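To start, the structure under review is shown below, and the notes come after it.
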Amino acid sequence: MRLAVAYCRVSTDKEEQKKSITEQKLQWKEFFDETGTKPAKCGLLYKKDGTKEFIAGGIYADEGISGTSLKNRRAFNQMIEDARHKKFDMIYVEDTSRFSRSVEDGIKTVKDLRELGIGVFFRKEGWDTLNENKDFELSLRISIAQEESRVKSERLKWAMNR
C-alpha cells in the first residue's frame, strides 16, 4: 500500500483563511479515510509568524504564504525533503494553484518528484503527475495561476498608489 501526504496552503494569515487551513486538513483526513489511503507519519504546519507545529497524519500546510515562490514555503520544502527520504509515495493537493504559482518552480518540483517515483495528485483536475501525458496541461494550469497572481498583485499596487 502506498503512503500519502496532502499539502494545503493559504496566501494570507487572515482569520477566515486560518479557518480554511483547519477545514482543508479535515477534508484531507476524511479523503484518506474514505479512499483507504494510508497517510504517512509525517507532517508540518508552518505559520507566517515563523511558528511551526508537527502534524501527524500526513498533512503539510503553509499558512499565510504565497505560492509564487518556494522561498518561504517551509512546510512545502520540508515535504519535498521528506519525499527525498522516501517517507511517502504520493502527494495530494486540491489543485495546481495550491501546489505552485510559479511555472519554473512547479515544473521543476514535479520532475524532481517523478524521478523519485513520487506523484502529485491534483484532486480538482483528477490526475497525477506520474502520467506524463498531462505535462502540457500542468504547465498551462500553473501558467494561468502565475498570471492570476501577477494581475492581482498589480491591482493591489495600483489601489495602494491611488
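The values are calculated or read from the model by the stated rules, or taken from the named source; none is laboratory data. Source: prediction; values computed, not measured. Virtual Cβ from ideal backbone geometry, glycine too; neighbours counted across all protein chains shown. Areas reflect the complete protein model, heavy atoms only, side chains present, ligands, DNA and RNA absent. Shrake-Rupley method; radii C 1.70, N 1.55, O 1.52, S 1.80 Å.
When both bridge partners sit in the chain, DSSP labels roughly 20% of those beta bridges antiparallel. Modelled this way, with points 7 Å down the Cα-to-C-beta line, the labels at ALA56 and ASP135 are 4.1 nm from one another.
In a Gaussian network model over the chain where Cα atoms closer than 10 Å are linked, find which of ALA75, ALA40, ALA56 has the largest mean-square fluctuation. Ranking ALA75, ALA40, ALA56 by mean-square fluctuation puts ALA56 first. For the range 64-149, lysine pairs with C-alpha atoms less than 22 angstrom apart, excluding pairs fewer than eight positions apart on the same chain, total 11. The residues LEU26, LEU70, sorted by heavy-atom accessible surface at 1.4 Å with ligands and nucleic acids left out, run LEU26, LEU70 from largest to smallest.
Can you work out the FRET efficiency for the pair GLU30 and SER143, with r the C-beta to C-beta distance and R0 = 25 Å, to the nearest 0.05? My answer for the efficiency is 0.20.
Taking every protein chain into account, the 1.4 Å probe leaves GLU81 with about 70 Å² of accessible area, to the nearest ten. Per-residue accessible area (protein heavy atoms, 1.4 Å probe) orders ILE144, ILE107, ILE65 as ILE144, ILE107, ILE65, starting from the largest. Give the Debye-formula value of log10 I(q)/I(0) at each listed q (0.12, 0.13, 0.19 Å⁻¹), with one equal scatterer per alpha carbon of the chain, two decimals each. The calculated log intensity ratios at q = 0.12, 0.13, 0.19 Å⁻¹ are -0.50, -0.59, -1.25. With the helix formula -39500 (n - 2.57) applied to DSSP H stretches of n ≥ 4, the chain reaches a computed 222 nm mean residue ellipticity of -15500 deg cm²/dmol. Only protein heavy atoms count here; on that basis, with a 1.4 Å probe, THR22 has an accessible area of about 70 Å². In this view, the solvent-accessible surface of TYR60, computed with a 1.4 Å probe and all protein chains in place, comes to about 0 Å².
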